[in-house]
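Below you'll find the structure, written out as structure tokens, and then a few comments.
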Amino acid sequence: MNKVKPKKNLGQHFLTDLNVAKRIADTVDACPEIPVLEIGPGMGVLTQYLVEKPREVKAVEIDAESVAYLHEYFPKLKDNIIGEDFLRMDLREIFGGRQFVLTGNYPYDISSQIFFKMLENKDLIPCCTGMIQREVALRMASEPGCKAYGILSVLVQAWYDVEYLFTVSEGVFNPPPKVKSAVICMTRNAVTDLGCDEKLFKRVVKTVFNQRRKMLRVSLKQLFSKETMPTAEFFTHEMMTMRPEQLTVQQFVELTNKVDEELNKQR
């Protein structure tokens, strides 16, 4: 069978450097023993090193041509090649409800969606590693006060410790992307309960970062209607003169509880 031709509509950039592939595969050892799910294996450059590890490996691939290629060259995987769209899958069905490591050379255009799905299934995914666009990796690992710190930083860091491992140049892909890539490792932290309404937490984070240059006392008003708008005193809290990139995850939790308290006053 001929090699798979990268498809632009699927955002495919096949990794060609075996040393980089091996280094990415070894990142799953951050969570040993449990199964591994690889997203977007393509022609299996990363898969070949994952299957050498003493644990169950499955791969989900939306491209039918790649699925056929993997079946031919990775007979060891047999029924463990899943020809589906990861974003539409029920992750509890993949390993019978067991926890697993998520890894892959993630398609740039859906990497954020993949990580949001990871957050929705954080009880199943104690560890997530892999390669993404460098800009996204920097956002996810960024600390408060940095320009890259944003929505993804806060929502991911609320539940995971994020480590930026190494940068990957454009020249090790076919076709080469227009940007650099990076490999990251995310491991679940000790948080089991944020200490606030989780849905409201997401709303607060997204709302204020959508106006990241404005002080919280301005951007937060979007969360309230005329009927639920707090008194002027609410907006005099010292936190209200800050901008969203200055807040830690814990401060966002505190802010969410303050907003929740005000919303409940009107119910």
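The values are calculated or read from the model by the stated rules, or taken from the named source; none is laboratory data. Remember, it's a predicted structure, so these values are computed and weren't measured experimentally. Positions of Cβ are generated from backbone atoms using ideal geometry, with glycine treated the same way; all protein chains shown enter the neighbour counts. Heads up: the accessible areas ignore ligands, DNA and RNA and are worked out on the full protein's heavy atoms, side chains in. Shrake-Rupley method; radii C 1.70, N 1.55, O 1.52, S 1.80 Å.
In the calculated pair-distance distribution of the chain, the portion above 27 angstrom amounts to 44 percent of the Cα-Cα pairs.
Quote the charge dipole size of segment 57-149 about the Cα centre in Debye, to the nearest 20; the model charges only the Cβ of Lys and Arg (+1) and of Asp and Glu (-1). Don't jump to the answer; show the numbers that get you there.
On the way: 11 positive and 14 negative charges, 81 e Å.
Around 400 debye, computed over segment 57-149.
With 22 Å as the limit, the listed pairs 199/265; 180/206; 3/78; 147/202 have 180/206 beyond it between alpha carbons. The residue list 20, 37, 48 was ranked by how far each Cα lies along the charge dipole of segment 10-66 toward its positive end, using unit charges on Cβ atoms, and 20 comes out on top. Over all other residues within a Cβ to Cβ distance under 9 Å of residue 185, the charged ones net out to -2, with Lys and Arg as +1 and Asp and Glu as -1. Please state the shape class of segment 1-104: rounded when a/c is under 1.5, otherwise prolate if a/b exceeds b/c and oblate if not, all from the C-alpha gyration tensor. Here segment 1-104 falls in the oblate category.
Probe radius 1.4 Å, ligands and nucleic acids left out: which of 71, 237 has the largest accessible area, and how do the rest follow? Don't skip to the answer; put the middle values down first.
Values: 71 90, 237 60 Å².
Ranking 71, 237 by accessible area, largest first, yields 71, 237.
Give me the percent relative contact order of segment 92-214, please, defined on Cα pairs under 8 angstrom at least 6 residues apart.
Working: 164 pairs, mean separation 30.0, N = 123.
It comes to 24 percent, rounded to a whole number.
Let's test the formula: R0 of 41 Å, r as the Cβ-Cβ distance of residue 178 and residue 229. What FRET efficiency results, to the nearest 0.05?
On the way: r = 45 Å, r/R0 = 1.10.
It comes out at approximately 0.35.
By the beta carbon rule, with partners counted only under 4.7 Å, the chain holds these lone Cys residues: 128, 146, 185, 196.
Counting Lys and Arg as +1 and Asp and Glu as -1 over every other residue whose Cβ lies under 9 Å from the Cβ of residue 212, the net charge comes to +2. Comparing 40, 145, 104 in a Gaussian network model of the chain (Cα springs below 10 Å), the most mobile by mean-square fluctuation is 145.
Which shape class applies to segment 71-133: rounded if a/c is under 1.5, otherwise prolate when a/b exceeds b/c and oblate if not, where a ≥ b ≥ c are the square roots of the Cα gyration tensor eigenvalues? Provide the component values of the computation, followed by the final result.
On the way: a/c = 1.80, a/b = 1.23, b/c = 1.46.
It is oblate, given that a/c is not under 1.5 and a/b is not larger than b/c.
Distance between the C-alpha centers of segment 221-263 and segment 108-155? Whole Å please. First find each Cα centre; the distance between them is then 24 Å.
Checking the a/c ratio against 1.5 first, then a/b against b/c, what shape does the Cα gyration tensor give for segment 19-58?
Details: a/c = 1.84, a/b = 1.29, b/c = 1.43.
Verdict is oblate for segment 19-58.
Subtracting the Cα-Cα distance of residue 93 and residue 187 from 0.36 nm times their residue separation leaves 31.7 nm of extension gain. Cα centroids of segment 1-78 and segment 167-192: how far apart, whole angstrom? If you average the Cα positions of each part, the centres end up 15 Å apart.
The candidates 29, 109, arranged from most to least accessible area with a 1.4 Å probe in the full protein assembly, appear as 109, 29. In the assembled protein chains, residue 196 presents an accessible area of approximately 20 Å² (probe radius 1.4 Å). For segment 196-244, relative contact order (Cα pairs under 8 Å, six or more residues apart, normalised by length) works out to 45 percent. Normalised by the number of residues in the chain, the mean separation of alpha-carbon contacts (under 8 Å, six or more apart) gives a relative contact order of 16 percent.
Simple spin-label estimate for residue 222 and residue 135 gives 2.0 nm between the two label positions (7 Å along the Cα-to-Cβ direction from each Cα).
Order 52, 61 by their accessible area, 1.4 angstrom probe, all chains in place, largest first. Intermediate results must be reported in sequence, preceding the final value.
Numbers: 52 130, 61 10 Å².
Reading off the accessible areas and sorting them downward yields 52, 61.
Considering helices alone, the calculated mean residue ellipticity of the chain at 222 nm is -8500 deg cm²/dmol, with DSSP H runs of length four and up weighted by -39500 (n - 2.57) and normalised per residue. Projecting the Cα atoms of 255, 96, 126 onto the dipole axis of the chain, where Lys and Arg carry +1 and Asp and Glu carry -1 at the beta carbon, places 255 farthest toward the positive end.
If Lys and Arg each add +1 and Asp and Glu each add -1, what is the summed charge of the other residues whose beta carbon sits under 10 Å from the beta carbon of residue 248? Spell out each step's value before the answer.
Details: positive: none; negative: 143, 254.
Result for the local shell: -2.
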